[in-house]
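Asker: Before I ask anything, here is the structure I am working with.
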Amino acid sequence: MKYHIVTYGCQMNLHESEKIAGILKEAGYSESAPAEEADIIVFNTCCIRENAENHAFGNIGALKKLKREKRDLIIAVGGCMVQEAGKAEVLMKKFPFIDILFGTHNLPELKHLIELKRQKKKHLVSLAEAREGAEDNVTPVRTSYPNAWVNIMYGCNNFCSYCIVPYVRGREISRDPEDILQEVKALVAEGYKEITLLGQNVDSYRFGDWDFPRLLDEVASVPGNFRVRFMTSHPKDFSEALVAVMKRHQKICKHLHLPVQAGNDRILKLMNRRYTREKYLEDLALLRREIPDCEVTTDLIVAFPTETEAEFEETLSLVEEADLASAFTFIYSPRTGTKAAEMEGRIPEDVAKDRITRLIALVNRKTREKSAKYVGKTVEILCEDFDEKKGMYLGRDEYGRMGYFKSDEDPIGEFVNLKITEANGISLYGERVF
Ligand code: 5AD
Ligand code: SF4
């Protein structure tokens, strides 16, 4: 029997899909296949912005015909969207052919739900308010070699006013550091070359007297030839202790993803971010004093309710002033149940589109300028894949920049030195040097 998983959203969800694949394997589905050949199709949804939801709605709807032709096909929908208040009912009504709905806290039950469904029970819905514990007790089917994602915590307590995550993912819960370290050691022994520690807000990691800098320190102290990344950090928790650990270990990539969201203090306050523009800039100054070549990337939201043109321009100037290497940029999307969704002063769509276009142009320029500086230099990348279209291998350097190169042998999983000959947008092209 075969399975097909469709994933929306972030790294957290991609890793959750690896866990779903692990559960499907235990339930007897031996391999992944295209949707038309699958015996079970699982949607792992995201609800962080409206377009992620619309995308999932479109794709689920498109399965109606396949389900009619293949009566035994099981369709399961899980992830953040299912956990949203009232959404499970909407999904069932709109798509009565869905067999199983499972919330983000119900992963451990998925195998049982599938077994029940196979016994021809009608629709099965499993939703819970909160996670039972920090362990899922599943062996994921990893799909991102040579990188391995490792959850260190779940949930979020921050309640940024625009964000639905704390409502669908629940309160923060951290994993036992011993379990995390054991998982990391096993992954390194298996040959993984990059460990990415995952959490909605890794800096909030707490387990007894363990905090995130201590955990990061221990993970980076595991012997072996691998590098360490982590995401996502919150500027309000930025600490000298974190910088000290990053500086101490060569294994930790000199890249910090530090979402700032906006460059204006009034908007930051409305967003409930609990730091100011000045504090963000001071923190980056400290980071660069200690680790001068550390690259910083960010997330930015434009057109938050009541944002003026002048306030938006402060986001533009922050990208310059903070010397950000790249950014994920988003138009504010109202999410039912959040504080911001109740705010007056929605920004018209044409204004929002104009702002994001200008922001993207600036971010792209910054990225291009930084990339151009690499030409002629040699960088070490971890080869992670082969790009069929380009006919080239690719990988990232520790700063997060993508490098492409040709090779006769398959170097996936190897650290490779590239002499950069060309820079194009965020991508670098080079020749392998030994
Ligand atoms: N609208 C737009 N962007 C959002 N993000 C989170 N919630 C929203 C929303 N309602 C963005 C933030 C966050 C990233 C993961 O998604 O920038 O850092
Ligand atoms: Fe959402 Fe803020 Fe939590 Fe990030 S820190 S998940 S933006 S509430």
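The values are calculated or read from the model by the stated rules, or taken from the named source; none is laboratory data. Since this is a predicted model, take the numbers as computed values, not measurements. Neighbour counts run over all protein chains shown; Cβ positions are idealised from the backbone, glycine included. Surface accessibility is based on the protein's heavy atoms, side chains included, excluding ligands, DNA and RNA. Shrake-Rupley method; radii C 1.70, N 1.55, O 1.52, S 1.80 Å.
Asker: Would you call Ala52 within 16 Å of ligand 2 (Cβ to nearest atom) and either without any contact (Cβ under 8 Å) to a residue 40 or more places away in the chain or in a helix (DSSP H, G or I) (or both)?
Answerer: yes
Asker: Which of (1) touching a Cys at 6+ places or on another chain (Cβ under 9 Å); (2) within 15 Å of ligand 2 (Cβ to nearest atom) does Phe159 not meet, given it meets every other one?
Answerer: Against the list (1) touching a Cys at 6+ places or on another chain (Cβ under 9 Å); (2) within 15 Å of ligand 2 (Cβ to nearest atom), Phe159 comes up short only on (1).
Asker: Right, here's the next one. If the requirement is being touching a strand residue (DSSP E or B) at 6+ places or on another chain (Cβ under 9 Å), charged (D, E, K, R) and surrounded by 14 or more Cβ atoms within 10 Å (Cβ to Cβ), which of these qualifies: Glu349, Glu314, Glu384?
Answerer: Glu384
Asker: Scanning the range 19-51 for residues that are open to solvent by 10 Å² or more (accessible area, probe 1.4 Å) and among the hydroxyl-bearing types (Ser, Thr, Tyr), which turns out nearest to Leu116 (Cα to Cα)?
Answerer: Of everything passing the filter in the range 19-51, Ser30 is nearest to Leu116 (Cα to Cα).
Asker: Where residues in the range 330-346 are within 9 Å of ligand 1 (Cβ to nearest atom) and open to solvent by 30 Å² or more (accessible area, probe 1.4 Å), which of them is nearest to the chain's Cα centre (by Cα)?
Answerer: In this case the residue turns out to be Phe330.
Asker: I've got another one for you. Tell me, please, whether a residue that is in contact with a Ser or Thr (Cβ under 7 Å, 6 or more places away or on another chain), part of a helix (DSSP H, G or I), open to solvent by less than 30 Å² (accessible area, probe 1.4 Å) and at pLDDT below 95 can be found in the range 158-168.
Answerer: Within the range 158-168 (the criterion being in contact with a Ser or Thr (Cβ under 7 Å, 6 or more places away or on another chain), part of a helix (DSSP H, G or I), open to solvent by less than 30 Å² (accessible area, probe 1.4 Å) and at pLDDT below 95), the answer is yes, since at least one residue qualifies.
Asker: Quick test of your reading of the structure: Ala128 fulfils all but one of (1) open to solvent by 50 Å² or more (accessible area, probe 1.4 Å); (2) out of contact with any helix residue (DSSP H, G or I) (no Cβ under 8 Å at 6 or more places or on another chain); (3) of a type in the set (A, V, I, L, M, F, W, C). Name the failing condition by number.
Answerer: So Ala128 meets the others, but not (1).
Asker: Tell me which residues, restricted to the range 307-335, are touching a helix residue (DSSP H, G or I) at 6+ places or on another chain (Cβ under 7 Å) and either in a strand (DSSP E or B) or at positive phi (or both).
Answerer: Ser326, Ala327, Thr329, Ile331
Asker: Using the structure shown, decide if Asn137 is within 16 Å of ligand 1 (Cβ to nearest atom) and open to solvent by 20 Å² or more (accessible area, probe 1.4 Å).
Answerer: In short, no.
Asker: In addition: Tell me the helices (runs of 4 or more DSSP H) entirely within the range 203-275 that contain at least 3 residues that are farther than 22 Å from Thr329 by Cβ and within 16 Å of ligand 2 (Cβ to nearest atom).
Answerer: Answer list for the range 203-275: none.
Asker: From the list Leu181, Leu284, pick out the single residue that is more than 16 Å from ligand 2 (Cβ to nearest atom), among the hydrophobic types (A, V, I, L, M, F, W, C) and within 30 Å of Ala340 (Cβ to Cβ).
Answerer: On inspection, the qualifying residue turns out to be Leu284.
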